[in-house]
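Here is the structure we will look at.
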Amino acid sequence: MPEFTTSNALVLSAKPLGENTFIISLFTAENGRHLGVIKKKHPPEIGTLCQATWKARLSDQLGSFYLEETKSYAPLFLDDMPRLHVLSNLCATLDKSLPERQSYTNLHAQTLKLLNDLLQDYFYENYIHFEIALLSALGFALDMTECAGGGDKNDLAYVSPKTGRAVSRAKGLPYHDKLLKLPRFLWQETAATSEDLVDGLALTGYFLTNYLGTLPITRNRILTDIQRRKNG
């Protein structure tokens, strides 16, 4: 009977299967995104870390999870909707983008770091950096080290939607309506404005949309929160 036990498994989603039965999607370090059935009156909250044991009669079956919750992040943000929306979108995006049972050890470590970084002031910037890491893990790495057209690498301003490579302001200006904006905070240590955050989400969202087809609806809530902060 195949089985495994893992710690720091992140609950990505929980869908009802029957009375007191749910299909749980977890993001684990060793086994990537992994589904299983759990029998419980109430499923664990999205964004909860667990120690998880999975068992099945055969390795290709859905199997069952037995969970011991270790930390739940959602209750930390009940009075902080912007952070709660980022947490919800993080889980929804991972659940939609990661293939089943494929290990993403580094991405899992980066996910745990982001969960803790949500408590920091620059959580939007950290989240956008995380989406860049997610794209890289999925095989869509963005290159922001130099200008694709041989321009000034110290004045990058755009990204090619075809190649994912950065373009300098001077080289990209004639084609600015065909390029994606590259906010400076993504390649230099500098503060981000609300407009920068929107541009950063548009950049990562473009490539995620190409991969996923559609993005989780939770992403719209993040953009609304940023706009409110800008207007407030």
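Each reported figure results from applying straightforward, stated rules to the coordinates on display, with no laboratory input. Remember, it's a predicted structure, so these values are computed and weren't measured experimentally. Methodologically, a virtual Cβ is constructed for each residue, glycine included, from the backbone with ideal geometry; neighbour enumeration extends over all protein chains shown.
Projected label points at Asp79 and Ile217, each 7 Å from Cα along the beta carbon direction, are separated by 2.9 nanometres.
Site pair Ser194 and Ser7 shows an inter-label distance of 4.2 nm when each label is modelled 7 Å from Cα along Cα→Cβ.
Are there GluC sites (Glu not before Pro) in the stretch 141-222 that DSSP puts in a loop and that have at most 13 other Cβ atoms within 10 Å, and which ones? Walk me through the numbers before you get to the answer.
Values: sites: Glu146, Glu189, Glu195; in loops: Glu146, Glu189.
Those satisfying the criteria are Glu189.
Reported to the nearest whole Å, the Cα centre-to-centre distance from the stretch 157-232 to the stretch 2-25 is 34.
So how strong a dipole does the stretch 1-67 carry about its Cα centre when Lys and Arg Cβ are +1 and Asp and Glu Cβ are -1, to the nearest 20 debye? Let's see the in-between values first.
Details: 7 positive and 5 negative charges, 35 e Å.
Dipole magnitude for the stretch 1-67 comes out near 160 debye.
Peptide packing: for 112-123, 166-177, the average count of neighbouring Cβ atoms within 10 Å per residue gives the ranking 166-177, 112-123, highest mean first.
With a ≥ b ≥ c the root eigenvalues of the C-alpha gyration tensor of the stretch 137-202, is it rounded (a/c under 1.5), prolate (a/b larger than b/c) or oblate? Write down the numbers at each step before the final one.
Working: a/c = 1.34, a/b = 1.14, b/c = 1.18.
Rounded, because the longest to shortest axis ratio a/c is under 1.5.
Potential lengthening of the chain between His176 and Asp60 amounts to 36.9 nm, from the contour at 0.36 nm per residue minus the alpha-carbon distance.
Could you grab the relative contact order for the chain? Cα pairs under 8 Å, six or more apart, rounded to a whole percent. Could the numbers behind the result be given before it?
Working: 411 pairs, mean separation 34.3, N = 232.
With pairs under 8 Å counted, the relative contact order is 15 percent.
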